[in-house]
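Peer 1: One structure follows; several queries about it will come next.
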Amino acid sequence: LGLRCCCCTSSVKECPQERGTRQKFKMVNSQGTCIDHLIRRFQIAMINKPKSVAMGIFLVMSVLFFTASNSPVAITKHTPSGPVPPTTIEEVVSPSAPKKKPDIVLIKDPNAVSMETRYQSLGQKGVTLWFTGFSGSGKSTIGKALEKMLVEDYGKHCYRLDGDNVRMGLNFDLSLTPKDRRENVRRVGEVAALFAESGTIVVASLISPYRAARDAVREVHERKGLDFLEVFVDVPIEEAQRRDPKGLYKMVEEGKIKKFTGISAPYEKPLSPEIHLRTDKLSMKEELFTIVQELARRGILTGTMKTPTWYPALIPPDGGMHWEPPAYSSYTMAKAMEFPQILLNDIDLQWVQCIGEGWAAPLKGFMREGVLLQTLHFNSMLTDPFNLTGNIDFSEQETNYNDYSTKLQQGIRVDMSIPIVLPVTAATRMIIGSQKKITLVAPTGKPVAVLTNPEIYENRKEEIISRVFGGYDPDHPYIKVIMANGPYLVGG
């Protein structure tokens, strides 16, 4: 452009607008912004050498397209305006420390339904069971079994948050660095708290190696008035390596995984967990029993916020236990016929069916005297399905008034307002004597049940009638039946 004028194609010296054009050329040479002259020069070139210009355009466009296709796209990172999640151990340990002030004002919107009303409606309380331990310790295995048991056997609403499953969605953007591990625990903890607030029994299974991060989740729950139970699934690292259900320990040995909890990365054991499970020493049944026992002790399986001290709240039917009727093959026909026999009438036989099929659960036999008195006076009976007091078979034990008053303060009560008793005559009482087993025979002569450890006591007919019917009418059909029965009752 410095050789010829873009306006008339003559040399600069010959151009009639020499001074102005030369000034424009200087601008082009120094700035590269003389657009008008560039356009005119391009038009002249198109006239003189159209093929060369076309080839040049093609090459330039090709270069531009290739450059645009292979250049990284610059993305501006969006910084959220809300509170910044904890990123250091100090921030996790001291959640009350000053945080960055958000750019917007957040005001909590209270729920229309109170936590107490929600729990009573659901018949259970919300809680988070936080399973922590080495990989391969059994967290997921126990968690799945517990979820299945609570849902299918106890009719409770339970949901499991598994560490690997959560990382496939909610936490897919997090790595295994200490910083991201803490953030992983924080996110799952917040979700678990929301579930627990809705009345769900949450089973969270995460390695969660840092104690401070777990304590921060606990504080989130306590701040909302929610129960948080830390479950330490304890197993020696050698046992976890032997199990290696996911093949991760093998990958560590092969050098495919550099940082692994318990091997090359730290794990901080819980100092005082609510539940401590040694999975190398306990069976699955014992582990589940321990967890459900703690849930029952804390009243999680009932919908009342606080159990009254003067009258314990009723628990679900069957005493909160999954009823499993005894096997019919427990005694062969020939074996049953070896024991003393008691002939039943039609009503007695119907009670045997109710008991044997679980309709009178948690009652497993005819009432002993202590259970009968509870039924008459309290319309309920004591039970201890989770063996919290060591009296899991309380209703099956022989009545002993020497320690009955202390046992009355333990366990929980189940609705039981009808006396289920087996009346016998004085002659039958003599036949039973000190026998430990007696066979109950249907009116047809067929053995239908075996009663163990029989307890014989007085049949106080008038008391039973008064308590059950609230009065005495000798013409009432069932009162007539009671009055016609023998003077003794047999429990067992």
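Peer 1: Can you name every residue in the range 142-155 that is out of contact with any helix residue (DSSP H, G or I) (no Cβ under 8 Å at 6 or more places or on another chain) and open to solvent by 40 Å² or more (accessible area, probe 1.4 Å)?
Peer 2: Lys144, Glu147, Lys148, Val151, Glu152, Asp153, Gly155
Peer 1: Among the residues of the range 366-398 satisfying the criterion of being of a type in the set (D, E, K, R) and modelled with pLDDT of 70 or more, which is surrounded by the fewest Cβ atoms within 10 Å (Cβ to Cβ)?
Peer 2: Step by step, filter the range 366-398, then rank; the result is Glu398.
Peer 1: Among what's in the range 424-483 and is without any contact (Cβ under 8 Å) to a residue 12 or more places away in the chain and charged (D, E, K, R), pick the residue that is surrounded by the fewest Cβ atoms within 10 Å (Cβ to Cβ).
Peer 2: Asp475
Here's the yes/no breakdown for (1) modelled with pLDDT of 90 or more; (2) touching a Cys at 6+ places or on another chain (Cβ under 6 Å); (3) part of a strand (DSSP E or B):
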{"residue": "Asn400", "(1), (2), (3)": "no, no, no"}
{"residue": "Arg429", "(1), (2), (3)": "yes, no, no"}
{"residue": "Tyr457", "(1), (2), (3)": "yes, no, yes"}
{"residue": "Lys480", "(1), (2), (3)": "yes, no, no"}
{"residue": "Gly486", "(1), (2), (3)": "yes, no, no"}
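Peer 1: For the range 217-260, give me the residue count where each residue is under 19 Å from the mean Cα position of the chain (by Cα) and farther than 15 Å from Ser135 by Cα.
Peer 2: Total meeting the criteria: 13.
Peer 1: I would also like to ask the following. Please work out which residue is nearest to Lys437 (Cα to Cα), limiting yourself to the range 338-363 and to residues that are β-branched (Val, Ile, Thr) and buried (at least 16 other Cβ atoms within 10 Å of the Cβ). It would help to see each step written out before you state the result.
Peer 2: Initial filter on the range 338-363 (β-branched (Val, Ile, Thr)): 342, 347, 352, 355.
Still in the list and also buried (at least 16 other Cβ atoms within 10 Å of the Cβ): 342, 352, 355.
Values: Ile342: 11, Val352: 16, Ile355: 17 Å.
Restricting to residues being β-branched (Val, Ile, Thr) and buried (at least 16 other Cβ atoms within 10 Å of the Cβ), the top hit is Ile342.
Peer 1: Moving to a separate point now. Out of all the residues in the range 168-185, which are surrounded by fewer than 18 Cβ atoms within 10 Å (Cβ to Cβ) and part of a helix (DSSP H, G or I)?
Peer 2: Pro178, Lys179, Asp180, listed by residue number.
Peer 1: Please verify whether the range 112-122 includes one or more residues that are open to solvent by 100 Å² or more (accessible area, probe 1.4 Å) and modelled with pLDDT of 85 or more.
Peer 2: Within the range 112-122 (the criterion being open to solvent by 100 Å² or more (accessible area, probe 1.4 Å) and modelled with pLDDT of 85 or more), the answer is yes, since at least one residue qualifies.
The values are calculated or read from the model by the stated rules, or taken from the named source; none is laboratory data. Only a predicted model underlies this, so the values are computations on that prediction, with no experimental measurement involved. So basically every Cβ, Gly included, is an ideal-geometry build from the backbone, and we count neighbours across all protein chains shown. Note: accessible area is taken over every heavy atom of the protein model, side chains too, but ligands, DNA and RNA are not part of it. Shrake-Rupley method; radii C 1.70, N 1.55, O 1.52, S 1.80 Å.
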